[in-house]
1. Among (1) surrounded by 10 or more Cβ atoms within 10 Å (Cβ to Cβ); (2) among the hydroxyl-bearing types (Ser, Thr, Tyr); (3) modelled with pLDDT under 95, there is one condition Thr33 misses while meeting the rest; what is its number?
2. Identify, by number, the condition in (1) at pLDDT below 95; (2) of a type outside the set (Phe, Trp, Tyr); (3) surrounded by 10 or more Cβ atoms within 10 Å (Cβ to Cβ) that Leu52 doesn't meet.
Amino acid sequence: MDKNGRSDIAAFPELFGGMEQFIEEFGEGIRRTGFRLAIVAIPSSALLMFALSKAA
């Protein structure tokens, strides 16, 4: 099977036209998800530590 060279992007620019926008939107989604996860994880871990200290 032939290896694809690095010139594929230059040969077919229409296939990679929206790649930068996709990467930016995907990164923004990951950042947003991480922020929401932190908002939930920090108070819940504090609550868990409080509950465990009361149980002991």
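The values are calculated or read from the model by the stated rules, or taken from the named source; none is laboratory data. Owing to the predicted nature of the structure, the values given are computational and were not obtained by experimental measurement. Quick reminder, even Gly has a Cβ in these numbers, built from the backbone with ideal geometry, and neighbours come from all protein chains shown.
1. Only one criterion is unmet by Thr33, namely (3).
2. Of everything listed in (1) at pLDDT below 95; (2) of a type outside the set (Phe, Trp, Tyr); (3) surrounded by 10 or more Cβ atoms within 10 Å (Cβ to Cβ), Leu52 misses just condition (3).
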